[in-house]
Protein chains: 2
Amino acid sequence: MQPCVAAYHGRVTRPLRADSERTMRAILDAANQVLAENPAATLQQIADAAGVARTTVHRRFASREALMEALVLDMLAQLEAVIDDSRPETAPPLVALHELSAGYITVKGRWRLTDVHPTEFEHGEAIERIKARNRALFQRLADTGTIAPDTDLEWAVRVFFALLHEAIERRAVTGNSPDTLAALVTSTLVGGLRGV
Amino acid sequence: MQPCVAAYHGRVTRPLRADSERTMRAILDAANQVLAENPAATLQQIADAAGVARTTVHRRFASREALMEALVLDMLAQLEAVIDDSRPETAPPLVALHELSAGYITVKGRWRLTDVHPTEFEHGEAIERIKARNRALFQRLADTGTIAPDTDLEWAVRVFFALLHEAIERRAVTGNSPDTLAALVTSTLVGGLRGV
DNA sequence: CAAACTCGCTACATTGGTGTTGCAACTCAG
DNA sequence: CTGAGTTGCAACACCAATGTAGCGAGTTTG
């Protein structure tokens, strides 16, 4: 009977050993990457991508569902960290938008996973918090006249995320820097294809 | 041993009987809808959604893969029909863009499926043709100065599809008409959130 | 160094999705 | 109406993915 500490996905009772921590990260990163390309990917495929035996995945995560849960939590945590860094409440809104874009693009995690968890309860809170902070930034953009004052904020946020998704795909092809792509995203978002 | 005519996914050797045709459509539509929400959906779930026994699905489509194939072909056909209707080569480009948007939105099919088939050969041709016609329309938009002349056409097309995707999601929530949403898409695409 | 822990590996049980077959009841086309 | 074709249903074989368990070898921690 193994301790199976990690079944609590993140909320560890006692600290993980160094190697265990490494394995955990490797699995989460691999899962993130593999599942983005194929949502129906096997635990075996994930294990292979992580350079780990399949049984180890089961040791760390009680079930496939538990792994998904951990993935989402991990991703949300990374997201909030990115938002914190961009200081959307205090920095000049256009600057914050650029920083936020670059951060999102750097955290290469795909967003297809966001399609999975809206049915969950636990994360709903975190997601709402993230959405609210994004909406607040766009409110500031509207107030300062950077975008039309009567902009539908819900639509604005959705378009923002859609553009980020495309930018991330583009990154894989062109190899552009997050900063370049962030500029492209903000430019397209604010001024459309008509340009400045 | 049943005829299994439909295993040839569309390229029928002899015409289908009326009821068979109906079933076929029901399955394709149901699959389109169910798979959009859950790419790993069971054939059983698809059959249920189509109001059909699971074995019937197998009778019409040799395998799960064959069903996917048929889905893609069906969707591509609908797409080309929409493009034809919008006359992107002859109509005023902005008008064509609006028509195209409304058409795409009406053909409610989700685009998550587009993530599946880029690995295929047979469809690559059709997809390239569709992409080319879209690119041509955006070229005309650039030539007439509706969008910046130096716009990256590849980026433009991708953004266009991303906006369409969001518009389709929005339609499910707000119930807006395809025309209203098409206006929103073209406006956002050309002028961004800054408005006209 | 030594105890505690982790990993890879092998083997196995279980489950759920896939695909097949045959038959009786029904529906369509001519 | 009649024959050909189609469907639902039940029963079945098959397989791949999931999840479990134990052991020996290797790693970390104190």
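About the Cα centre of the protein assembly as shown, what is the dipole size in debye to 20, counting +1 per Lys and Arg Cβ and -1 per Asp and Glu Cβ, all else neutral?
That gives a dipole near 720 debye.
For A:Ala136 and B:Glu125, FRET efficiency with R0 = 45 Å and r from the beta-carbon atoms, rounded to 0.05? List each step's numbers first, then the result.
Values: r = 47 Å, r/R0 = 1.04.
It comes to 0.45.
How about segment B:24-97: which GluC sites (Glu not before Pro) there lie in a loop by DSSP and see at most 14 other Cβ atoms within 10 Å?
Here the GluC sites (Glu not before Pro) that fit, given the DSSP loop and packing criteria, are B:Glu89.
Given N residues in segment A:54-104, what is Rg(Cα) / (2.2 N^0.38 Å)?
Computed over Cα atoms of segment A:54-104, the ratio equals 1.65.
Please check: in the Gaussian network model of chain A (C-alpha springs, under 10 Å), which one of A:Val173, A:Val107, A:Val57 has the largest mean-square fluctuation.
Evaluated over chain A, the most mobile residue of the options is A:Val173.
Mind checking the full-extension length gain between A:Ser187 and A:Leu16? Use 0.36 nm per residue of separation minus the Cα-Cα distance, one decimal, nm.
Going from the current span to full extension adds 57.2 nm.
What nm distance separates the two modelled labels at A:Thr90 and A:Arg54, each placed 7 Å from Cα along Cα→Cβ?
Reported label-point gap for A:Thr90 and A:Arg54 is 5.1 nm.
Can you tell me what percent of all Cα-Cα pairs in segment A:37-76 are more than 14 Å apart?
So the pairs more than 14 Å apart make up 48 percent of the total in segment A:37-76.
For helix A:64-86, report the angle its Cα long axis makes with the longest principal axis of the Cα atoms of chain A; keep it between 0 and 90° and round to the nearest 10°.
Approximately 40 degrees, to the nearest ten.
If we hang a label 7 Å off Cα along the beta carbon direction at B:Gln78, how far is it from the matching labels on the other copies, in nm, shortest first?
Inter-copy label distances (nm, one decimal, shortest first): 3.4.
Round to a whole number: what % of the accessible area of segment B:72-194 belongs to carbon and sulfur, probe 1.4 Å?
Summing carbon and sulfur atoms, their accessible area is 56 percent of the total for segment B:72-194.
Please say if the protein assembly as shown is rounded, prolate or oblate, where rounded means a/c under 1.5 for a ≥ b ≥ c the square roots of the C-alpha gyration tensor eigenvalues, and otherwise the choice is prolate for a/b larger than b/c and oblate otherwise?
Verdict is oblate for the protein assembly as shown.
Quick check: pseudo-label points 7 Å beyond the Cα along Cα→Cβ at A:Asp150 and A:Gln44, how many nm apart are they?
So the two model labels end up 5.9 nm from each other.
Give the nm distances, rounded to one decimal, from B:Phe161 to the matching residue in every other copy, measuring between label points 7 Å along Cα toward the beta carbon; shortest first.
Here B:Phe161 shows inter-copy label distances of 2.0 nm.
Counting only protein chains, not ligands or nucleic acids, how are B:Ser86, B:Ser187 ordered by accessible area (probe 1.4 Å), most first?
B:Ser187, B:Ser86
Taking K and R as +1 and D and E as -1, what net charge do the other residues with C-beta under 14 Å from the C-beta of B:Ala96 add up to?
Residues near B:Ala96 contribute -1 overall.
In square angstrom and rounded to 100, what buried accessible area do you get between chains B and A, total over both, with the probe at 1.4 Å?
When B and A are taken together, about 2600 Å² of accessible area is lost.
Output the residues of segment A:131-161 meeting this criterion: accessible area (heavy atoms, 1.4 Å probe) in the chain alone minus accessible area with all protein chains in place is 50 Å² or greater.
Those are A:Trp155, A:Arg158, which lose 50 Å² or more relative to the chain on its own.
Accessible area per residue of chain B at 1.4 Å probe, in Å²? Mind showing how you got there, number by number?
Numbers: 10030 Å² over 196 residues.
For chain B, the solvent-accessible area averages 51 Å² per residue.
Report the Rg/Rh value for segment B:121-178, based on alpha-carbon coordinates and the Kirkwood definition of Rh.
Working: Rg = 14.1 Å, Rh = 13.0 Å.
On the Cα set of segment B:121-178, Rg over Rh gives 1.08.
Taking a label point 7 Å from Cα toward Cβ, how far is A:Glu125 from its twins in the other copies, in nm, shortest first?
Going from nearest to farthest copy, the values are 5.7 nm.
Grab the beta carbon distance between B:Thr174 and A:Gln33, set R0 = 51 Å, and tell me the FRET efficiency rounded to 0.05.
Computed FRET efficiency for B:Thr174 and A:Gln33 comes out at 0.90.
Viscosity 1.567 mPa s, temperature 4 °C: what is the translational diffusion coefficient of segment B:72-194 from Stokes-Einstein with a Kirkwood Rh over Cα pairs, rounded to a whole number of µm²/s?
On the way: Rh = 14.8 Å.
Here the translational diffusion coefficient equals 88 µm²/s.
Report, to the nearest 10°, how far helix A:178-191 tilts away from the longest principal axis of the Cα atoms in chain A, using its own Cα long axis and a range of 0 to 90°.
40
The values are calculated or read from the model by the stated rules, or taken from the named source; none is laboratory data. As the structure is a prediction and not an experimental result, all values here were calculated from the model. Quick reminder, even Gly has a Cβ in these numbers, built from the backbone with ideal geometry, and neighbours come from all protein chains shown. Just so you know, the surface numbers come from the protein's heavy atoms only, side chains and all, with ligands and any DNA or RNA stripped out. Shrake-Rupley method; radii C 1.70, N 1.55, O 1.52, S 1.80 Å.
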